[in-house]
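Below is one structure, written out as structure tokens, with a few remarks after it.
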Amino acid sequence: MTWEEFEKLQPIAATLLKNSIKRNRLAHAYLFEGLRGAGKKEAAMLLAKTLFCLHPKDGFFPCEACSNCLRISHGSHPDVHIVEPDGLSIKKEQVKQLQQEFSKHAVESNRKLYMVVQADKMSTGAANSLLKFLEEPNADTTAILITEQMQQILPTILSRCQIVSFQPFSPAVLKNKLIENGVSSTMAPLLSQLTNNISEALSLNEDEWFAQARKLVLKLYTTLSKQSSSYAMVTLQGEWSQHFKEKKQLDLGLDLLIFIYKDLLSIHLGKQEDLIYPDQQTRFTSDLLSYSPRSLAEKMAACLEAKRKLNANVNQQLLMEQLVLNLQGGTAFV
Ligand SMILES: [Zn+2]
């Protein structure tokens, strides 16, 4: 990650850290908190390179090419330490080892930096050792604790850290990130609506079940708009109920269905650039004659009602049959 990317993805966190470095007012300890995939560890690596780079561009931006930048990228810089869970937890010995390393003079300069990734996984012993460490700050040492679960961190540790919150990505930002990561422009808008987590989106993109789910939802929509309700029921009893077995799966299927009606509404409003199923634009546009904006809103409400019933443990087959009756046909301009 570069500073430019960091500022685009996490403007508040990036500005705060950039100003602190420029004014030479870096805190002794930071806690980076926020959802998985929000770029916390990448930001910590960027911060490390910014502090250690031998040839920073414009006196600030890490060059990514000097020996310090490269060793930080490879995790082999002697004055930059990364502590991560060993198995399920971060053990006391790991923190002790870190302290021993840091009690020596810095190997190459006076500066040292350590990161504790998944800091919420510290055992009680590890947390208490770290606390002692944080209580005796060294002027040239920077600590970065990283967590998705701030509520699991000891209050005494929290009170010694400056907290930097990382926001979830907006769908538009995530969509572009996914395309940069090789996701097709057909799938990226849909994935970015379903999650704000890049790694989750990337794994859904590779998921056969999900690809099939998308096809089935489009198929159900087609039968609903073109065929009789009995035909839609046949689809439901066959492939649909085979595929969307679990509650969580059906919940996702209903979201995928809602997105179709949302797309039809976007076309009504002339917002083609917002489409979640961009590859269906021609078909949706020709279907539009059958749907008034009001009937689309009603269909979306019917899907939301089905989701509510699902969460209230109503029988899945029953709620889908009711939904199909509510979604039947275009009911143009009623
Ligand atoms: Zn460099």
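The values are calculated or read from the model by the stated rules, or taken from the named source; none is laboratory data. Just so we're clear, the structure is a prediction, and the values are computed from it rather than from any experiment. Virtual Cβ from ideal backbone geometry, glycine too; neighbours counted across all protein chains shown.
Before moving on, here are some points about what is shown:
- Being within 13 Å of the ligand (Cβ to nearest atom) and at negative phi is not true of I21.
- When residues of the range 24-57 are limited to those that are touching a helix residue (DSSP H, G or I) at 6+ places or on another chain (Cβ under 7 Å) and on the phi > 0 side of the Ramachandran plot, the one surrounded by the most Cβ atoms within 10 Å (Cβ to Cβ): G39
- Taking the range 54-171 as the region of interest, the strands (runs of 3 or more DSSP E) fully inside it that hold 1 or more residues being touching a residue at least 12 places away in the same chain (Cβ under 8 Å) and within 16 Å of the ligand (Cβ to nearest atom) are 80-83, 112-116.
- Tally of residues being in a helix (DSSP H, G or I) and acidic (D, E) across the range 12-53: 1
- Among the residues of the range 30-46, those identified as of a type in the set (A, V, I, L, M) and in contact with a Phe, Trp or Tyr (Cβ under 8 Å, 6 or more places away or on another chain) are L35, A38, A43, A44, L46.
- Contact map, the range 176-196: first residue more than 12 Å from P278 (Cα to Cα) and crowded, with 21+ Cβ neighbours inside 10 Å, second residue charged (D, E, K, R) and at pLDDT below 95, Cβ cut-off under 6 Å, separation 6 or more or different chains; pairs are S192/K175.
- Residues located in the range 234-263, provided they are exposed (fewer than 14 other Cβ atoms within 10 Å of the Cβ) and small (G, A, S): G238
- Where L202 falls short, out of the listed (1) touching a residue at least 40 places away in the same chain (Cβ under 8 Å); (2) assigned to a helix (DSSP H, G or I); (3) under 30 Å from V83 (Cα atoms); (4) in contact with a helix residue (DSSP H, G or I) (Cβ under 9 Å, 6 or more places away or on another chain): (1)
- Residue within the range 82-91 that is among the basic types (K, R) and surrounded by fewer than 16 Cβ atoms within 10 Å (Cβ to Cβ) present: no
- Taken together, the residues in the range 48-81 that are in contact with a Lys or Arg (Cβ under 8 Å, 6 or more places away or on another chain) and over 23 Å from A143 (Cβ atoms) amount to 2.
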